[in-house]
Every structure is written in C-alpha cells, then in structure tokens.
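Worksheet: the structure to be examined is printed underneath.
No value in this document is a laboratory result; all are computed from the given coordinates. Just so it is clear, the structure is predicted and the values come from calculations on it, not from any experiment. Cβ placement follows ideal geometry from the backbone for every residue including glycine, while neighbour counts extend to all protein chains displayed.
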Amino acid sequence: MEIPTFRVQVPTSKSVSNRLLMMQRTCGFHGELRQLSEAGDTRLLQALLRRMDEASEEGLTVLDVRNCGTAFRFLLPYAAACKGRWRIVGEERLRQRPIRPLVEVLRRWGVQITMPETGSFPIDIVGNPALRPCDTLVDVSESSQFLSALLLVLPMLHQPVRLRYAADAASMPYVRLSVRLLQQCGLHLRHTEGEIAYQPSETSAFSNDWVVPADWSSAAFWWAWVAVQPAPVRVELPGLSDSDVQADAVVHRRMEAWGVHTSFTPWGAVVEKRGDLILPSRLRWDGRDCLDLVPLMVVCGVLLQRPAVFTGIGNLRHKESDRVEALRANLRGLAAFRRCADTLSVRPLAHSAREFAFSSFQDHRVVMSLALFSVLGKVRFDHPETVAKSYPGFWEQFARVCPERG
C-alpha cells in the first residue's frame, strides 16, 4: 500500500533571525539577511529597531514590546548602550515574566534604570554609549535569554568582560546559538563551562550575506503530528537540515522512541511513522534544553494513550502563558496532571469526545500543540491567529494536510 505523503514548507528560524537583526546594529556587519523569518516576533523586533534608529536623542522614545519576551530582553541592554532616553512597555502577561536579573546586571554596569517595585513596566532607561561592563555573574535560572541579550550588545562596549553563569543552567543551546553566530561574525568569544569571555578586536566588519535556516521549533510540530496518526504516513520538509545549534533539532532523535523515523536528503528531511515499533508503557521527556517542545509532547502522549513524565519543566510558567496550567485547563476531562516542582506527570483519561473547543491563552505553542487533536475530530480555538507569533502560515499548511480541523 502506498503511504500517504505530504510536503510542508516550514518557516525560517525566528531565533536566528532575531539574533541577526540585533547583530546588524551591534556588530556592524553589512551583509544581506536572506530568508529572514516572517514571524510576528521578528517583524515586531524589526519595527522597534527602526524606531530606535529614527529616535531623537533628546526626547523620550517609547518601545512597546507587546507580549514578545525576546524583544523585551534583547532591547533592554541595547537601549542601555544607545544614547537617548527609552521607555519599554508591554502587555499584562509580559509584565509577569522575569526581567529583574538582567536589570540588576545593567545597573552594576552603571546604567540608569527605573522600574516599578512589582511587575516590569514601564522600564525607563538612560542610554549611555560609554558604559563600562564588568565581570559579572548572570542569574539565568529563569531565562537563558538574559545571557544572550548581554552577549549581543558586547561589541558596542569595546571592553573585555567575562560573563559567568551556573554551569547546570537550562536552555543553554540558545546561548550556544548566540555565541556561534557572534563568533561567525568575527567576535573573539571563548566559551567554557559556566563562563563566556569576550575580548575586543580590530577585525573588520563582517560583510558576507547571511541565509537564515529553516526553523526546527516550527518543524517539530510535524514530528508530533506523524506520531499520533493511526496509520503510516510521511511528511517531507524541504530545506530542513540537521542542526547542532537549534535546540529543538533534538526532536528527530528523541522521537525515534515514540515511533517516528527521520531521514535527511540533499533537499530536506523526511519524517515517517514506524508501524513496527511497540511504544513503551510510559513515555519520558527531558525538557531542560528544549522547553518549547514540552507542550507538543504532552499532547502527543495523551493522544498516544501513554502516561508520560516530563522533567526540567519549571520555567514553562514563564512563557507566553503558564503552559502547564494552560494545557491542564484545556485538557480537563482528557488527561490528569500532577506537577511537582520541576516534574510533570500526565495520565490520559478515557473519553469519547470527537469535537474540541480550546482556549489559546494567547500562546502560540499551546495552540499548535492542541491542534494535534484533529486526529480525533474537529478542533476550534478562540484565537487561532495566535500562531502567527512564530509560524504565520501554520493554518494554511495544516488545512491542506488536515482538512478535518473544521
């Protein structure tokens, strides 16, 4: 029997795109950015950077980062190093997300920052291009982006500096991505366990073009979708190659144990459901370095009717939503959740539902994860457009592959 085959074009990486947009300003490279992500977060960061380019040095410039944690964290040290007066504001959910460890580092570097005692907004910054960084211990327990944000601004400061962090910190692949991109741009960074040392140099500005690769965080949905199908199926992903710097590329190796096989060709990746594998009675997933994959895997385990244990999930509460609570609320009657510190246990419940109405919680990862329920019946969301934050063409591609969404 011929296996049904679908071809899906995944978007390019917003994580890479966002870092390259910052590096255009901080490293002074003059090449062209090709295949830049169309994700809502990237478009917002572009618009805010243009606003900063055009801002008056005398007046106060307001930067509305909405619900974009990346823009929030990346722009804070950048504004601190740019002459002018800046005010960062955002939406209520972002007010609840961590930022103070980054603020404290910048204050130690001499930056004038004022913010409320509770919450995050507004943050007022007096930019100082002459600020002097010092060797610093960075608290990354709540977000590795604090470290990436500081790394991206170092070329503007022209001072040697060492940034230290807990060697067992989570989400370190994203820091390694930042270091790799900066090194490729000619920066002298030495990355050892628990420390990154920067040494200014007189190298000329990087002038090569940069091609943004396909996005593994978006592509991961299709591994989960293949896994939950009741019969063998194949998905072809043109332009997607294996990656040692995108954190979520681990999905293709880990999903082998969940019944999904991956092969790479010169033109892309091929994802297939294995019919010969008996799944273990209990599934396990360590989310420490690939936290964005956890919601997908939670829903995948529920649909495969396997209890599952997820470790390293503590920082899920700091995302666009508290993702564990968002999934718990949506899956009431479909799965039982038990959360203990950094560990989540999920047990599927028997049910006969064939139509599902879910709340987005204004979280793109929650929406895409719950879309997997289309394997059982019709799925509806209160705000399906939320996915545009990272995967603008998701629903168009989904409708071609899963017309039963309703």
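Structure notes:
- Each part reduced to its alpha carbon centroid, segment 53-113 and segment 135-162 end up 15 Å apart.
- Rel. contact order, % - alpha carbon contacts under 8 angstrom, at least six apart, segment 214-405: 17 percent
- For the chain: relative contact order, % (alpha-carbon pairs under 8 angstrom, 6 or more apart): 15 percent
- Rounded tilt (10° steps) of 69-80 against the dominant C-alpha axis of the chain: 10 degrees
- Anisotropy class of the chain from Cα gyration tensor, a/c 1.5 cut: prolate
- The chain: Lys pairs at Cα distance under 29 angstrom, eight or more positions apart or on different chains: 9
- Sites Arg253 and Ala167, calculated FRET efficiency, Cβ-Cβ separation with R0 22 Å, nearest 0.05: 0.40
- At R0 = 41 Å, FRET efficiency that the Cβ-Cβ distance of Ala353 and Gln183 yields, to 0.05: 0.25
- Prolate/oblate/rounded call for segment 166-235, Cα gyration tensor, a/c under 1.5 rounded: oblate
- Mean separation of Cα pairs under 8 Å and 6 or more residues apart, divided by the residue count, gives segment 131-281 a relative contact order of 18 percent.
- Candidates Trp267, Trp222, Trp258, ranked by Gaussian network fluctuation over the chain, Cα under 10 Å, top entry: Trp267
- Taking θ as phi - 60° and the Karplus parameters 6.51, -1.76 and 1.60, the scalar couplings of segment 297-302 work out to 6, 4, 5, 4, x, 4 Hz in sequence order, x denoting glycine and proline.
- 0 to 90° range, to nearest 10: angle between helix 40-53 axis and the chain longest Cα axis: 10 degrees
- Ranked His318, His252, His188, criterion: other C-beta atoms within 10 Å, fewest first: His188, His318, His252
- Gaussian network model of the chain, springs between alpha carbon atoms under 10 Å - residue of Ser369, Ser201, Ser352 with greatest fluctuation: Ser352
- Sparse-neighbour loop sites [GluC sites (Glu not before Pro); segment 72-162; at most 10 other C-beta within 10 Å; DSSP]: Glu117
- Beta bridge orientation in the chain: antiparallel %, DSSP, nearest 5: 65 percent
- When the Cα gyration tensor is reduced to axis lengths a ≥ b ≥ c, the ratio a/c is 1.5 or higher for segment 47-102, and with a/b above b/c it is classed as prolate.
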